[in-house]
Number of protein chains: 2
Amino acid sequence: MKKDTTTEEKIKEAARTVFLTKGFEGCSSREIAKAAGMNVALVNYYFRSKSQLFQLIFKAAMEDFMESMIYVFSTDQPLEDKMRIFIEREYDFLAKHPELPNFIINEMNREEACSSNEHSEILEKIAETGIFNDCQKAQAEGKMRKMNLISLTLLVMSNCQYPVMAKNLMQSIHQLTKEEYDEQIVLHKGYVTEMLVQYLFPKQ
Amino acid sequence: MKKDTTTEEKIKEAARTVFLTKGFEGCSSREIAKAAGMNVALVNYYFRSKSQLFQLIFKAAMEDFMESMIYVFSTDQPLEDKMRIFIEREYDFLAKHPELPNFIINEMNREEACSSNEHSEILEKIAETGIFNDCQKAQAEGKMRKMNLISLTLLVMSNCQYPVMAKNLMQSIHQLTKEEYDEQIVLHKGYVTEMLVQYLFPKQ
DNA sequence: CATTGTTTTAAACACTTGTTTAATATTCTT
DNA sequence: AAGAATATTAAACAAGTGTTTAAAACAATG
């Protein structure tokens, strides 16, 4: 009889939550083991080293990070609607996984880490959705403001991710409770959607 | 005869660069000491502990973080111009101190750290510039889109800081060199300025 | 049941961590 | 120049780090 969740999976789950909240440097192998209710040696038995376990978690997190993006882009709708839906979904997703953007960005900044790795597969996956072609087409037809893809993604990511990343900072500055800030984010989502749509798809 | 830079200052400088690039957990006392060309014991001789030294650095960084903001807001100009100048200056500032936003946001997320501390003094300092009153007045006159101060700061900070914070991520995704991305940021600054001004100060 | 192979454990390894101590060197004051 | 105050050093401390080892517990197979 196999347990519903095997030891290996328990460790992986524990590692995910610990790594995502504290970062690679901010936790120890023993802490992960304890969070999984296991022994330290077991962590290395299944994953050989803290680094290897981390790279596993990081890769999975990176995929989650891009998941919702790809889903919306694949749908068949007018670009402007896609944008609205994307922002809606991205705010939803980030409400459930608020640690993700910080985690990804931080660990990308660790020199030892996955900086120079090949994360361009992500771009390819996004490209496969045809979103980039759609944008270029819309830009050629004058329906969308002309702008390279980097700035386009930057605009969207900035306005979706930063509000989640800066939660503690903004709470502290503006003296808000967690709940108050969460409400604020919902409000902010509306502003962001309006602003981006107006700017990217100007009416005449 | 006093040296041009005293030992205490050398350590503080070294601590600043090390802390800002690697974070509190990402470095050791000995690393800071070595970066300053000093002994480990000297670090604690002058600053008693790693934590106390860190809090010193963090506080100073936080003030830097808000410095340019306050300066521009204090000037006497139309709001729309202030916004343009602010974005210009903020991009300038962040080009010189690209590690700052990530550092601040990360360390605010460390539970042990300065999360619940009183950073609301910052808000007071900004309030002293009268910028918030100006905004409310402009909003009452219909010259500026109605929006609470939290969303206002969020909009501006998102679009100024995120592009710097996500540098390594964006480089990796879009396969850019540092120099190419720096050029991209200059381009992006233009889009951001236009977008924010158009949205916050709609014509007719 | 005996003998595989796989999982789990406690203990140890060498090394780094933050911090302290006690001795030495330097500077300042009178 | 003598003595007090300050600055600097190397060494030690206990605790924690990632990783390994070798023995035990377990499961599976013949």
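The values are calculated or read from the model by the stated rules, or taken from the named source; none is laboratory data. In this text, all values refer to a predicted model and were calculated from it rather than measured experimentally. Because the Cβ atoms are built from the backbone with ideal geometry, glycine has one as well, and the counts that use them run over all protein chains shown. The area values use the complete protein model at the heavy-atom level, side chains included, leaving out ligands, DNA and RNA. Shrake-Rupley method; radii C 1.70, N 1.55, O 1.52, S 1.80 Å.
In deg cm²/dmol and to the nearest 500, what is the mean residue ellipticity at 222 nm of chain B if only DSSP H runs of at least 4 residues count, each as -39500 (n - 2.57), divided by the residue total?
Per the formula, -24000 deg cm²/dmol.
At the residue level, B:Thr75 shows approximately 40 square angstrom of accessible surface with a 1.4 angstrom probe and all protein chains present.
Its Cα centre serving as origin, the stretch A:1-48 has a Cβ charge dipole (Lys and Arg +1, Asp and Glu -1) of approximately 80 debye.
Heavy-atom accessible surface of B:Lys146, to the nearest 10 Å², is about 150 Å², with a 1.4 Å probe and all protein chains retained. Given a 1.4 Å probe and the protein chains as shown, B:Val186 ends up with an accessible area of around 90 Å².
Between the residues B:Thr5, B:Asn44, B:Gly26, the greatest Cα displacement towards the positive end of the dipole of the stretch B:1-67, with unit charges on the Cβ of Lys, Arg, Asp and Glu, is found for B:Asn44.
With each label modelled as a point 7 angstrom along the Cα→C-beta vector, the A:Phe132-B:Glu141 pair spans 4.6 nm.
Of the listed residues B:Lys82, A:Lys167, A:Lys125, the order by accessible area with a 1.4 Å probe, largest first, is A:Lys125, A:Lys167, B:Lys82.
Largest GNM mean-square fluctuation among A:Glu107, A:Glu63, A:Glu121, using chain A with Cα springs under 10 Å: A:Glu121.
What is the Cα convex hull volume of the stretch B:58-200 when expressed per residue in Å³?
Output value, Cα hull per residue: 118 Å³.
Its alpha carbons give the stretch A:1-48 an Rg and a Dmax of 10.5, 37 Å.
For chain A, the relative contact order works out to 20 percent when only alpha carbon pairs closer than 8 Å and six or more residues apart are counted.
When A:Glu8 is represented by a point 7 angstrom out along its Cα-to-C-beta vector, the spacings to that point in the other copies are 5.8 nm, nearest first.
Overall, chain A carries a charge dipole of about 320 debye about its Cα centre when +1 sits on the Cβ of Lys and Arg and -1 on the Cβ of Asp and Glu, all other atoms neutral. Partner aspartates and glutamates whose Cα lies under 19 Å from the Cα of B:Lys178, excluding those fewer than 8 positions away in the same chain, are identified as A:Glu107, A:Glu111, A:Glu112, A:Glu118, B:Asp92, B:Glu99. Could you tell me which of rounded, prolate or oblate describes the protein assembly as shown, using a ≥ b ≥ c as the square roots of the eigenvalues of the alpha-carbon gyration tensor, with rounded for a/c under 1.5 and, failing that, prolate when a/b is larger than b/c and oblate otherwise? Since a/c reaches 1.5 but b/c is at least a/b, the shape of the protein assembly as shown is classed as oblate.
Viscosity 0.890 mPa s, temperature 25 °C: what is the translational diffusion coefficient of the stretch B:130-204 from Stokes-Einstein with a Kirkwood Rh over Cα pairs, rounded to a whole number of µm²/s? Intermediate values should be presented prior to the final figure.
Values: Rh = 14.1 Å.
Rounded to a whole number, D works out at 175 µm²/s.
In the protein assembly as shown, carbon and sulfur make up what percent of the accessible area (probe 1.4 Å)? Whole-percent figure for carbon plus sulfur exposure: 49.
Interface A-B: total buried accessible area of about 4800 Å², 1.4 Å probe, protein heavy atoms only.
Of the residues making up the stretch A:156-184, those losing 40 Å² or more of accessible area when the isolated chain is joined by the remaining protein chains, with a 1.4 Å probe, are A:Met157, A:Ser158, A:Tyr162, A:Met165, A:Asn168, A:Leu169, A:Met170, A:Ser172, A:Ile173, A:His174, A:Gln184. Structure note, pairs A:Lys82/A:Lys146; A:Lys22/A:Lys59; A:Lys59/A:Lys125; A:Lys189/B:Lys146; A:Lys59/B:Lys22; A:Lys10/A:Lys50: Cα-Cα distances above 19 angstrom occur for A:Lys59/B:Lys22. Looking at the stretch B:58-200, the accessible area is 45 square angstrom per residue; that uses a 1.4 Å probe and ignores ligands, DNA and RNA.
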